[in-house]
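Here's the structure we're looking at; comments come further down.
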Amino acid sequence: MNVLAKKLNDDLLKYNATIYHLLSELGKKLYYPKGILSQSAEASKKATRFNATIGIATENDAPMHFEHIQETLQGYSPDDVYPYAPPPGKLDLRLEWKRKLLRDNPSLKETHMGLPITTNALTHGLSIAADLFVDKNDVIILPDKYWGNYQTIFHIRRGGELQTFSLFDQFNRFNVQELRERLMEQKEAGKAIVLLNFPNNPTGYTPGEEEVQGIILVLKEAAEAGIDVVVILDDAYFGLFYEDSVKESLFGRLAGLHPNLLPIKVDGATKENYVWGLRVGFLTFASESPEILDVLEQKTKGLIRGTISSSSHLSQTIILHSLQSTRFEVEKHEKHKVMKQRAIKVKEIVRNKKYQTVWSFYPFNSGYFMCLKLKDVDAEELRLHLLNQYGVGTIAINSTDLRIAFSCVEEEDLEELFELIYKGIKDLLTKEVEKTI
């Protein structure tokens, strides 16, 4: 093992051995090399005459670039566009995102969190967490309503075993009891990864205060029972809370809760700020120990350096300018209002008595989506029929659940959308009747 990796591991064993034991075999081997980048960073501070270190080209004391590209980027300095960004991201952006986290999450204390590390959006952040902490046959506990890409990230790539529990109990509330059961099943193994996504994709659900308190108590109980727990919080749709839910991430409640529990927040501007294609996300660790936070950052930097090297400098610059804009909060409030109005309109439509014979729906109060639970037709069959017959696109989650993204349908078109879904169901039911005649 590399001497730098061993030093990081020794620090973990010294300050919190639990975190060391939570690491995957890959995670234990990771370190940030003292190579070209570290030497270039040192040169950038001291090489006042010539800096012949990093592999970019310069001209007239600026990064070399094509004018026909720069003409489309007026308002941005070439220094903030063309050079490589540091592997953990632009420092000013990381500091700005940390300030945002502290504003948005009243329970979060600055002393309990590291500086957010920039990722190439959330899939990359989740993959980093998987690489760091998931080995073959490690158990990942998550609700049964989940984003399909988790299979690729945690199971196919890392060999983890996804074990689900019912997202909703018999009262259509978050199923705290089943979460507890799945966690306690890992007592013998001594390790568990819990993956929570609020607002939830595909259902659009975020739990309320009482449910959140239950989740926190269960996680603390598991940690006290000797289970080392990584809690990955996929906060992709953070901030899009409309009604009857907590309005902050569980990250703040879990930070510093127990030495055997490591919270990781994965979030980003992608969906929160409607900049999907810019691919700017963040990964943030929580620990009361600055030494632990430093080790985890060094290992994460090593992983980034060995995969994508660094995220887009231009995208980071754009997001930084946005966060610092005086128009940011105003425009964000305007878009939130549009999304909330659509969600409320959808709830009004799907409750229509006319539709109750063909579907029910899962609770939703946040995010981009809602999910119908079909009563008498197959979701995939309906999806194809709607697409081919009516030009309507939806997502079949399984045989009964159909996900609707109201985020991309204008409010005035929502009634027509659900009427066409209803019509499609009636078409399929009529065909079934005709088959029996």
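The values are calculated or read from the model by the stated rules, or taken from the named source; none is laboratory data. Model, not experiment: these values are computed from the prediction. Note: ideal-geometry Cβ built from the backbone for every residue, glycine included; neighbour counts use all protein chains shown. Keep in mind that these areas ignore ligands, DNA and RNA; they rest on the heavy atoms of the full protein, side chains included. Shrake-Rupley method; radii C 1.70, N 1.55, O 1.52, S 1.80 Å.
Given the conditions (1) under 24 Å from residue 20 (Cβ atoms); (2) in contact with an Asp or Glu (Cβ under 6 Å, 6 or more places away or on another chain), report the number of the one that residue 238 does not fulfil.
Here residue 238 clears every test but (1).
Out of curiosity, is residue 58 among the polar types (S, T, N, Q) and more than 34 Å from the chain's Cα centre (by Cα)?
yes
How about the range 381-397: which of its residues are surrounded by 14 or more Cβ atoms within 10 Å (Cβ to Cβ), of a type outside the set (A, V, I, L, M, F, W, C) and within 27 Å of the chain's Cα centre (by Cα)?
Hits for the range 381-397 are 383, 394.
For the range 405-414, which positions are open to solvent by 20 Å² or more (accessible area, probe 1.4 Å), in a helix (DSSP H, G or I), in contact (Cβ under 8 Å) with a residue 60 or more places away in the chain and not polar (S, T, N, Q)?
Passing the criteria: only 411.
What helices (runs of 4 or more DSSP H), lying completely within the range 1-112, carry at least 1 residues that are out of contact with any Leu (no Cβ under 9 Å at 6 or more places or on another chain) and modelled with pLDDT of 90 or more?
3-15, 17-22, 25-29, 67-70, 91-104
Quick check on my filter: what residues within the range 323-340 are open to solvent by 80 Å² or more (accessible area, probe 1.4 Å), assigned to a helix (DSSP H, G or I) and of a type outside the set (A, V, I, L, M)?
Of everything in the range 323-340, those that are open to solvent by 80 Å² or more (accessible area, probe 1.4 Å), assigned to a helix (DSSP H, G or I) and of a type outside the set (A, V, I, L, M) turn out to be 324, 329, 333, 334, 335, 337.
Looking only at the range 356-377, decide whether some residue is assigned to a helix (DSSP H, G or I) and either exposed (fewer than 13 other Cβ atoms within 10 Å of the Cβ) or among the small types (Gly, Ala, Ser) (or both).
The answer is no, given that none of the residues of the range 356-377 is assigned to a helix (DSSP H, G or I) and either exposed (fewer than 13 other Cβ atoms within 10 Å of the Cβ) or among the small types (Gly, Ala, Ser) (or both).
Could you check the range 138-177 and list, in sequence order, the residues that are among the acidic types (Asp, Glu) and either open to solvent by 50 Å² or more (accessible area, probe 1.4 Å) or at pLDDT below 95 (or both)?
Matches in the range 138-177: 144, 161.
I'd like the full set of residues that are assigned to a loop (DSSP other than H, G, I, E, B), under 16 Å from residue 124 (Cβ atoms) and of a type in the set (S, T, N, Q), limited to the range 287-312.
Those that are assigned to a loop (DSSP other than H, G, I, E, B), under 16 Å from residue 124 (Cβ atoms) and of a type in the set (S, T, N, Q): 307, 309, 310, 311, 312.
From 417, 402, grab the single residue that is within 30 Å of the chain's Cα centre (by Cα), crowded, with 18+ Cβ neighbours inside 10 Å, within 19 Å of residue 206 (Cα to Cα) and without any contact (Cβ under 8 Å) to a residue 60 or more places away in the chain.
Exactly one residue qualifies, and that residue is 402.
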